[in-house]
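The values are calculated or read from the model by the stated rules, or taken from the named source; none is laboratory data. The structure presented is a predicted model; accordingly, all values stated were derived computationally and were not measured. Every residue, glycine as well, gets a Cβ built from its backbone with ideal geometry; the counts of neighbours run over all protein chains shown. Surface areas here come from the heavy atoms of the whole protein model, side chains and all, with no ligands, DNA or RNA. Shrake-Rupley method; radii C 1.70, N 1.55, O 1.52, S 1.80 Å.
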Amino acid sequence: MAKDFPSRAENYSQWYNDLVIKADLAENSSVRGCMVIKPNGYAVWEKIQAALDRMFKETGHSNVYFPLFIPKSFFSKEASHVEGFAKECAVVTHYRLKADPVNGGVMVDEDAKLEEELIIRPTSETIIWDTYKNWIQSYRDLPLLYNQWANVVRWEMRTRLFLRTAEFLWQEGHTAHATREEAVKEAETMLNVYAEFAENYMALPVIKGTKSAGERFAGALETYAIEALMQDGKALQAGTSHFLGQNFAKAFDVKFLNKENQLDYVWATSWGVSTRLMGAIIMAHSDDNGLVLPPKLAPTQVAIVPVFKNAEQLAMITEKVMPIKKALEAKGISVKYDNRETHKPGWKFTEYEFKGVPVRLTIGPRDVENGTVEIARRDTLEKEVLQLKDIENKVIHLLDQIQKNLYDRAVSFRENNSHYVDTWDEFKDVIENRGGFIYAHWDGTQETEEKIKEETKATIRVIPLNNPRSKGKCVYSGKPSEERVIFARAY
RNA sequence: CGGGAUGUAGCGCAGUUGGCUAGCGCACCACGUUCGGGACGUGGGGGUCGGAAGUUCGAGUCUUCUCAUCCCGACCA
């Protein structure tokens with residue numbers, strides 16, 4: 001059996017309460033499944049944004065912003081795209097309220113009905129492509145490499161905090177290219193950006209691959225994804241990058257003159273990651289003592305807790321602490337010196353463990369006397385007493401170690417929970433009793449994929465890139481297969 | 001949208017066949033002693049029992065409707 005979620009983390013609440021909470025909207029509100037992102041949570045999101053944004057710029061992209069509202073008619077243009085989203089759209093029908101003479105309060109002014117309803121974007125392909133049409137005439141206008149940081153709304157039947165909220169924050173890249181090859185390359189480049197970010201910043205190992213036809217994005221020819229394994233043995237799709245072919249260009253009539261002076265449709269990609277990444281961090285690293293944040297994304301990287309009995313002692317300790325704090329900050333480390341007299345040291349220790357602060361320094365009278373400091377790491381909960389000399393480099397070294405250890409730990413967890421399975425009985429047994437990734441042969445048909453899903457709730461997470469060829473028989477149908485694909489139950 | 005469960009103080013919960021001033025733990029406030037792993041004592045504040053309607057002398061408790069949350073399905077880049 002895969003490691004259960006920590007006992008104290010029922011519904012993850014022990015873990016995520018410091019980052020987000022469920023939105024507590026007005027009584028009788030029919031808005032459900034929204035989240036409030038608290039300061040610490042938003043700080044994590046800002047770090048995610050900053051790192052990704054830099055990587056986008058490095059790969060030649062710029063940021064843009066498009067409207068939240070999309071005219072309904074835009075959605076009637078790309079058939080499969082609409083089919084994918086129509087069932088979960090919030091629709092604006094009126095633009096004014098008026099006083100309610102009967103019940104008091106306010107009511108919708110029926111006179112203020114919109115001629116054409118507006119859809120609150122579930123994703124921005126349609127409005128962006130409608131605009132791109134006017135920006136592209138010649139191959140000289142290409143490529144367009146744009147990204148948008150925004151919020152979107154999807155009226156999901158069932159929501160799940162972090163992983164599937166009705167409203168969420170994300171980035172969506174939308175690019176236009178002159179050739180098929182260039183667009184495919186773009187989709188693959190961005191997949192690599194996501195994978196690099198997940199592994200280097202989130203300390204989350206991911207498997208890069210393509211989606212089966214059944215799991216593909218509505219309107220895409222190919223969907224690339226990074227897939228990660230959570231501590232409960234379920235898979236989480238952490239990012240996607242789509243090669244859209246010419247579908248959207250045809251739907252929105254986006255043509256350009258190529259070098260041969262011939263009119264052609266442009267080739268497109270889109271790619272995105274969302275606040276779901278915060279859910280991935282939480283579910284991948286946290287333990288019974290609360291959150292564990294990777295140092296590179298932790299809003300506070302070092303917490304310093306003084307131990308004191310009176311004001312003189314605190315003053316003495318503060319005098320020692322301030323140079324350390326300054327030295328660390330000079331090296332770009334975020335430090336919180338918690339000199340509050342309202343909480344005891346023990347309370348603070350537990351508090352920073354809950355919050356997932358990677359490194360904690362403790363300084364008390366004993367340390368002042370000996371010229372030492374106690375250093376504690378969140379990932380292993382180990383403590384050590386160090387000489388104060390050169391403490392900033394020791395801390396920086398430890399932060400790196402923690403970042404690496406979290407990654408290594410997640411890799412070995414994934415290895416220990418990856419199973420090569422060749423028979424259907426074993427497949428069912430592993431899914432039911434152990435969880436994790438299953439590498440199994442598949443006959444390549446959507447029919448088999450659906451049968452497997454019906455019987456086990458497992459889906460094909462990805463067909464790994466650069467997958468080794470290995471002849472075998474489909475674990476379900478027994479038909480010949482050329483490669484193994486990854487099955488898992490997923491969020 | 002179907003099945004199940006839940007809704008009582010900021011959080012977690014108890015509240016019997018309808019009955020008297022609605023309780024407990026944590027948190028919060030005051031004072032004192034404490035302070036190197038969530039301290040303790042004493043005192044105190046905080047509630048239209050999710051909402052609406054109904055039955056009743058009397059409703060947290062019963063009935064109907066409604067809203068939300070959680071779980072399981074269905075659905076879901």
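Observations, loosely collected:
- With contacts taken as Cα pairs under 8 Å and at least 6 residues apart, segment A:24-177 reaches a relative contact order of 29 percent.
- Based on C-alpha pairs under 8 angstrom that are at least 6 apart in sequence, chain A has a relative contact order of 14 percent.
- Computed from Cα atoms, the angle from the helix A:276-285 axis to the main principal axis of chain A rounds to 40 degrees.
- With all protein chains in place and ligands, DNA and RNA left out, the 1.4 Å accessible area ranks A:S412, A:S418 as A:S412, A:S418, largest first.
- The solvent-accessible area of A:V193, taken with every protein chain present and a 1.4 Å probe, is close to 10 Å².
- Accessible surface, 1.4 Å probe, highest first, among residues A:W347, A:W442: A:W347, A:W442
- When +1 charges are put on Lys and Arg Cβ atoms and -1 charges on Asp and Glu Cβ atoms, the dipole computed for chain A relative to its Cα centre reaches about 720 debye.
- Burial order of peptide ranges A:41-54, A:163-176 (average beta-carbon count within 10 Å, highest first): A:163-176, A:41-54
- Length-normalised contact order of segment A:152-304 in % [C-alpha pairs under 8 Å, at least 6 apart]: 26 percent
- Protein accessible area in chain A, 1.4 Å probe - carbon and sulfur %: 49 percent
- Folded to 0 to 90 degrees: helix A:311-330 orientation relative to chain A principal axis, Cα: 40 degrees
- For chain A, the longest principal axis of the Cα atoms and the long axis of helix A:345-355 meet at an angle of about 10 degrees.
- Between the alpha-carbon centres of segment A:440-467 and segment A:198-263 there is a gap of 18 Å.
- For segment A:240-338, GluC sites (Glu not before Pro) meeting the loop criterion (DSSP other than H, G, I, E, B) and having at most 14 other Cβ atoms within 10 Å: A:E260.
- Mean-position separation - Cα centroids, segment A:393-435 and segment A:100-173, in angstrom: 37 Å
- In this structure, the pairs whose alpha-carbon distance is over 20 Å, taken from A:K234/A:K355; A:K234/A:K404; A:K234/A:K453; A:K320/A:K389, are A:K234/A:K355; A:K234/A:K404.
- Mean accessible surface per residue for chain A, computed with a 1.4 Å probe while every protein chain stays in place, in Å²: 47 Å²
- For the residues A:T159, A:T240, a 1.4 Å probe over the protein chains yields an accessible-area ranking, largest first, of A:T159, A:T240.
- All C-alpha to C-alpha distances of chain A, sorted into 10 Å bins beginning at zero, yield P(r) values of 4, 17, 24, 23, 17, 10, 4, 1, 0 percent in whole numbers.
- Extreme residue, positive dipole direction of chain A, given options A:G272, A:G84, A:N192 (C-beta unit charges): A:N192
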